[in-house]
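S.K.: Questions regarding the structure given below will be posed in turn.
The numbers here are math on the coordinates, done by the rules we state, and not lab data. Small disclaimer: the values here were computed from a predicted structure and weren't measured. All Cβ positions, even for glycine, are placed from backbone atoms using ideal geometry, and neighbour counts span all protein chains on display.
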Amino acid sequence: MRLKLSETPEAVIFETALKYLKSGKIIAYPTETFYGLGAAYDNNEALQRLWEIKRRSSGKPFPLIAADVNQLGVLASEIEPEALALIGKYWPGPLTILFNAKQGLSQFITGKEGKVAVRVPGSSAALRLARYVMFPVTATSANISNEPPASDAQTVIDCFGDAVDMIIDGGSTRGGRPSTIVEVVNGHISVIRHGAVNWPEFPAYMNKVQGL
């Protein structure tokens, strides 16, 4: 199924996406940069199928998008004060934060390290989708692993065919740098992947927060 945001009311599209996600199906949707593939965070069968269609390497977990900071309650076992400070400044936006995962989450999300990668996306169909379904959804790029990410719905179709059950077609995305990924350990920020949020911003901001 392919539904265009330019032709179909968003409420209809997002309600359909909600039904698909709850029934264990995989959707594709536009983010601020490229298209992402979504499966419900707590449906292991859907996560398994997503891993298979992406041909993802073993031990590489899926990142998640969330509607707001409150959804960390079902994902993270703890949230350090410094992480909350970063959330206050950069969410919604292109900052993914690694947290210690709660017990019981799928290894397709946590990997072997027991971490979970989460962000609240910036202004986009992805954010509106997350706020409609109100549970975390995977945000892995819509491509076969190690191939270029898709920036339009037709590329998703060409890549995956019927393996993706629903596509939210928002036209071409702008591309650009992916989200920056960071982890906070004992008050210190480690940058796991450089991206749309610049690393030099972090030390100055955290010094301000901590009053140093």
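S.K.: In the stretch 2-210, with Lys and Arg counted as +1 and Asp and Glu as -1 at Cβ, which of these residues, Asn146, Ile157, Ala66, has the Cα nearest the positive end of the dipole, that is, farthest along it?
M.R.: Result: Asn146.
S.K.: Between Glu45 and Gln103, 0.36 nm times their residue separation minus their Cα-Cα distance comes to what?
M.R.: Fully extending the segment from Glu45 to Gln103 adds 19.1 nm.
S.K.: Using a 7 Å offset from the Cα along the Cα-to-Cβ direction at both Ile192 and Lys19, what is the distance between the two label points in nm, to one decimal?
M.R.: Spacing of the two 7 Å Cα→Cβ label points: 3.5 nm.
S.K.: Angle check, please: helix 81-90 long axis (alpha carbons) against the longest principal axis of the chain (alpha carbons), in degrees 0 to 90, nearest 10.
M.R.: 50
S.K.: Give the cross-link partners of Lys54 among the lysines, using a straight C-alpha distance below 16 Å as the criterion and excluding same-chain residues fewer than 8 apart.
M.R.: Lys25
S.K.: Here's another thing I want to ask about it. Where in the stretch 1-45 does the label zone of Phe135 land, with the point 7 angstrom along Cα→C-beta and an amide N cut-off under 15 Å?
M.R.: 15-27, 38-45
S.K.: If you take the Cα atoms of the stretch 14-84, find Rg, then find the Kirkwood Rh from the mean of 1/r over all pairs, what is Rg/Rh?
M.R.: Result: Rg/Rh = 0.99.
S.K.: Just to check I understand the Karplus step: with θ = phi - 60° and J = 6.51 cos²θ - 1.76 cosθ + 1.60, what whole-Hz values come out for the stretch 186-191, glycine and proline as x?
M.R.: Going residue by residue, I get 6, x, 10, 9, 10, 8 Hz, with x marking Gly and Pro.
S.K.: Still on this model: Taking H as built 1.01 Å from N, whose amide H comes closer than 5 Å to the amide H of Gly38, not counting residues under 5 places away?
M.R.: For Gly38, whose amide H was placed from the backbone, the distant partners under 5 Å are Ile27, Ala28, Tyr29.
S.K.: With label points built 7 Å along Cα→Cβ from the Cα atoms of Leu84 and Ala163, find their separation and express it in nm.
M.R.: 4.2
S.K.: Assigning unit charges at the beta carbon (Lys, Arg +1; Asp, Glu -1) and nothing else, what dipole magnitude in debye, to the nearest 20, does the stretch 2-210 show about its Cα centre?
M.R.: 160
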